[in-house]
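Participant: Have a look at this one before I ask anything.
The values are calculated or read from the model by the stated rules, or taken from the named source; none is laboratory data. Values in this document were obtained by computation on a predicted structure and should not be read as measured data. Please note: Cβ atoms are built from the backbone with ideal geometry, for glycine as well, and neighbour counts cover all protein chains shown. For the accessible areas, the whole protein counts, side chains as well, though only heavy atoms, and no ligand, DNA or RNA atoms are used. Shrake-Rupley method; radii C 1.70, N 1.55, O 1.52, S 1.80 Å.
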Amino acid sequence: MRIFAFAFGIICLVQSCGTHEPSYSNLFKKNLSKLLRQNDFQGGYILIKNGSAVLEERRNFNRRISGGNLKHLFLSVGALRLADQGKINIDKPVRDYLPQFPVHSISIKSLMNHTSCLGSDLGYGEYWIWSNENLHWLEVLIATLSEKNLNQFFQEEFFEPLDMENSFFTKNNELKLTIDDLLLWDEAWDNGKILSSGLRSLLSQATVLKDSYAENKFNYGLGAYTDGNTFWQSSSQKNFSYIYFKIPHEKITILLISKLYKTKGELMNWKSLITESIYENRKVTFQKKYNPKKYIGIQESLKQNNVPAVGIALVRDFKVVWAENYGIKELESNKPVDANTLFRAGSLTKPITALTYLRFAELNSFNGNERLNSYAKDAKIDLNSWDSKQNLTANRILSHMSGLTERENWSTTENQNAARLSDLNSGKGPELYSYYSPGKKSRYSGGAYAILQEYMTKKSGARFPRLVDKYVFQALGMKNSTFVQDPNLRLSNRALGHDKDGKLVPVRFYSYPELAAGGMWTTPRDLASFFIALQKSISGHTDALIPQAIAKDMMTPLVPAANLSIHSWIGKGLFLNPTGKDWYFYHGGHSLGHKSIAIFHKSKGYGVVIMTNSENGSALIWSILRAMSLSQSWDKFIN
């Protein structure tokens, strides 16, 4: 029931990352420039390897620009310089150094990694959310501890020693610099002239928030986005946009500056075109004839990734324009998949469950705020830690604010015959726990959906699969979707799950109480019908099969999804990823031996469903998604 995290590899976005030293011939540079122009890039770029520029097309490098979000990186480095001088400890509360700071418990590091939650109604230190108040207090901290204004501090500590003659902070503390100056900064960074190696490494360490129950990792370090191996920062403004991207362990830097306002997704796409080119990555293709130097066929890709089967449904103009399944249902039998082969949806079941509840609630005049505490008690969940004023509700379950979670999946042999939720909490297998009071924190919870299932079935008197069939499957024409688990799966047309070694997983079906969280079997085409229905509804199509009010409810961003993706928000049963002024809505699916994703544009009528039957499915999924998003000219998105 785990979500398949929405996360791209930084370099290996497509198949076959090379390990050899790339060529930087004139022909290569010419082809790269052509590729960037074909993808609407207008501007300059430079790629630095081991301190030398190996690729460059200098345009606008001497133009003085506003630092934008890069300012947060500079301020964080400034704070680390103070730490290097022994003037601060970044793990200590800000108030130890600034008595006027409004919150006692927030550390300096929380300002640097945006986990202070200042300026929001979220719990202090419990979420990642960008806040300009963090930047303000870092400015005050640096000025107070150094006894200089911000510009004086940076001039003396960095700009003058590094000959950054065109860099300064204005009276309003706005960072101004040129790309040429940023290259000087970058060279000094690699040479250890800005910070010691120990402090430098902190920038590319992803933030981890811990409490007594959970540990969540966020792809943001001290002043920069990071995945642990790379770090980057960007700025998008009215007349220009740029991205500063580093791979420290390979001593690679990429700098791009583009005309006009561009989204993070567009900037990262251009950066990826460069890395894909220098590593000679081959794109996945579904054509029978192709250039093997540029492309890798889908069958070869399946073998390379050790994935038995993949199913794909591509959507354009609010309809499925192509759907195909490739590979075999299970490695032991070598039986090929066909158009009707079912894949396990895993957590891609949750959007289906969300729509089922919202249709059920609409017809019964429920508002989603009904008190469900008694259902948690009936399930033998200890609620002693709950704030008595807080209630468990359907709305909180759908937005992952229930405070409930399981320490691991329930799909274990001990739980296979459980008929009710209380049977799962009998101590035989993994149990459902109450970690927080409802509404206190957003933490992904598959287990809470079991409470919602129990509530709907008791209120309606119908079993859960019948409710889904009534409110979703029949209405949307999803004829190849089912919650029948069928222990004898080999006799049915299903792609069975495989572990990383290619062996069939031991547990192949869900117990009844956990169906709402991850028990659906379906085809990519059927699942695409569901997401198309949401697209049509939110766009106001006259033939929409879902009430628009429900679609809007599902796609309203409620809380950051930072512990899954710092660029996403949580709606009801869906995750939302902004792209410019619009959104993608998506969900992943991961149950043991199966990985999937569905991602769709909110208003432009395109998207894709990709489903696999292997624990190794992630790399294949992202390579297909990358290839399709480029070939179909989608709006660029970023995890």
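Participant: If you go through the stretch 332-356 one residue at a time, how many are touching a strand residue (DSSP E or B) at 6+ places or on another chain (Cβ under 6 Å) and of a type in the set (S, T, N, Q)?
Facilitator: Residues meeting the conditions: 3.
Participant: Among the residues in the stretch 386-399, are any at pLDDT below 90 and touching a strand residue (DSSP E or B) at 6+ places or on another chain (Cβ under 9 Å)?
Facilitator: yes
Participant: Another question, if that's okay. Take the stretch 311-357 and flag every residue that is farther than 27 Å from S603 by Cβ, among the hydrophobic types (A, V, I, L, M, F, W, C), open to solvent by 60 Å² or more (accessible area, probe 1.4 Å) and modelled with pLDDT of 95 or more.
Facilitator: A339
Participant: Let me ask you something else. If you check every pair at least six apart or on different chains, which have Cβ atoms under 7 Å apart with a residue in the stretch 456-468 that is on the phi < 0 side of the Ramachandran plot first and a residue that is basic (K, R) second?
Facilitator: T457/R463
Participant: Just need a number here: residues in the stretch 229-247 that are open to solvent by 10 Å² or more (accessible area, probe 1.4 Å) and within 23 Å of the chain's Cα centre (by Cα). I'd like the intermediate steps shown before the answer.
Facilitator: To start, the set of residues in the stretch 229-247 that are open to solvent by 10 Å² or more (accessible area, probe 1.4 Å) comprises 229, 232, 236-240.
From what's left, within 23 Å of the chain's Cα centre (by Cα): 229, 232, 236.
Matching residues across the stretch 229-247 total 3.
Participant: Where residues in the stretch 84-124 are in a loop (DSSP other than H, G, I, E, B) and β-branched (V, I, T), which of them is farthest from W232 (Cα to Cα)?
Facilitator: Residues of the stretch 84-124 that are in a loop (DSSP other than H, G, I, E, B), as a first pass: 85-92, 97-106, 113-124.
Checking which are β-branched (V, I, T) leaves us with 88, 90, 103, 106, 115.
On the way: I88: 25, I90: 21, V103: 29, I106: 25, T115: 18 Å.
For the stretch 84-124, the residue satisfying everything is V103.
Participant: Just to be sure, is L363 within 27 Å of S603 (Cβ to Cβ) and out of contact with any Lys or Arg (no Cβ under 7 Å at 6 or more places or on another chain)?
Facilitator: So L363 fails the test.
Participant: On to the next question. Might you check whether a residue that is surrounded by fewer than 20 Cβ atoms within 10 Å (Cβ to Cβ), part of a loop (DSSP other than H, G, I, E, B) and out of contact with any strand residue (DSSP E or B) (no Cβ under 7 Å at 6 or more places or on another chain) occurs anywhere in the stretch 466-475?
Facilitator: no
Participant: Give me the pairs, please: first residue somewhere in the stretch 492-520 and among the β-branched types (V, I, T), second residue anywhere and surrounded by fewer than 18 Cβ atoms within 10 Å (Cβ to Cβ) and modelled with pLDDT of 90 or more, beta-carbon distance under 8 Å, and either six or more positions apart or on two chains.
Facilitator: Every condition considered, the pairs that remain are V505/D499.
Participant: Against the conditions (1) under 27 Å from the mean Cα position of the chain (by Cα); (2) open to solvent by 50 Å² or more (accessible area, probe 1.4 Å); (3) at pLDDT 90 or above, where does C12 fall short? Just the number, please.
Facilitator: Condition not satisfied by C12: (3).
Participant: Determine, yes or no, whether T285 is within 26 Å of the chain's Cα centre (by Cα), β-branched (V, I, T) and more than 23 Å from Y606 (Cβ to Cβ).
Facilitator: no
Participant: Look through the stretch 179-197, keep the residues that are charged (D, E, K, R) and open to solvent by 60 Å² or more (accessible area, probe 1.4 Å), and return whichever of them is farthest from the chain's Cα centre (by Cα).
Facilitator: K193
Participant: Is it the case, given these coordinates, that R81 is in a loop (DSSP other than H, G, I, E, B), surrounded by 15 or more Cβ atoms within 10 Å (Cβ to Cβ) and not acidic (D, E)?
Facilitator: no
Participant: Let me ask something additional. Among the residues of the stretch 590-606, how many are open to solvent by less than 10 Å² (accessible area, probe 1.4 Å), at negative phi and at pLDDT 95 or above?
Facilitator: Going through the stretch 590-606 one residue at a time, the tally reaches 7.
Participant: Let me ask another. Return yes or no: is K176 open to solvent by 50 Å² or more (accessible area, probe 1.4 Å), outside any loop (DSSP other than H, G, I, E, B) and either without any contact (Cβ under 8 Å) to a residue 60 or more places away in the chain or closer than 29 Å to K49 by Cβ (or both)?
Facilitator: yes
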